[in-house]
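Comments concern the structure below.
The values are calculated or read from the model by the stated rules, or taken from the named source; none is laboratory data. Predicted model, so just to flag it, every value in this text is computed and none were measured. The accessibility values were calculated without ligands, DNA or RNA, using every heavy atom of the protein model including side chains. Shrake-Rupley method; radii C 1.70, N 1.55, O 1.52, S 1.80 Å.
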Amino acid sequence: MTSLISKFQVSKFQVSKFLVTFAFLLLCATSAFAQQNGSVSGPTAQQTQPSLEQQLAGLKRLEAMLPDSVGPKYQQGMLLLSYVAMHPQDSKAQSYLEEAQRIVGKIEALNPTKATDRSDLATLQGFYYTALIVTNPQQNGPRYYRDALDNFSKALQLNPNNETARELQSKFNEGMNAAK
């Protein structure tokens, strides 16, 4: 019986990774469902697609359950920075950037040792610089483009399978080439 239990013991990391992945997939599925049902209007559409604040609240609850995990913090940062990248002139963009920077600080304070966690941190940092550039390309582009590229490269060096870093790096390069 003991050997059976030891075969199925799951590390805290595996559980936290599963929970973060599950929460993120749930958020994505909810968002995709709401987008597919674009014909729905009024309060019903609002109810099927959680707001950014609702999604963040869910991730913060997950973070409270897994305070030593990078995943929930990373997902919060990615969510905030995705919003800023898509809505750079929104009145909330600056506060979201500041919150994303605080989240980066929280992850750094964990002092992650696993290459995948450090890769996620570098990805988040690269995306942070990208969001800064998007909010003010003339001023921030020359100042931060190298930081963004270096962090995406670092993320891929730490974890060559980091598809998010690869995708963001590719989109960043496309944007830079289009701006020339």
With every protein chain in place, the accessible area of Lys114 for a 1.4 Å probe, in Å² rounded to the nearest 10, comes to 80
Expressed as a percent, the accessible surface of the range 106-179 that is carbon or sulfur, using a 1.4 Å probe and the full set of protein chains, is 46
Once Arg146 and Thr113 are pulled to full extension, the length gained, defined as 0.36 nm per residue separation minus their Cα-Cα distance, is 9.4 nm
Taking Rh as the Kirkwood radius computed over alpha-carbon pairs of the range 61-180 and applying Stokes-Einstein at 25 °C with viscosity 0.890 mPa s, one gets a diffusion coefficient in µm² s⁻¹ of 171
Stretched fully, the stretch from Gln157 through Gln54 gains (0.36 nm per residue minus C-alpha distance, one decimal, in nm) 33.7 nm
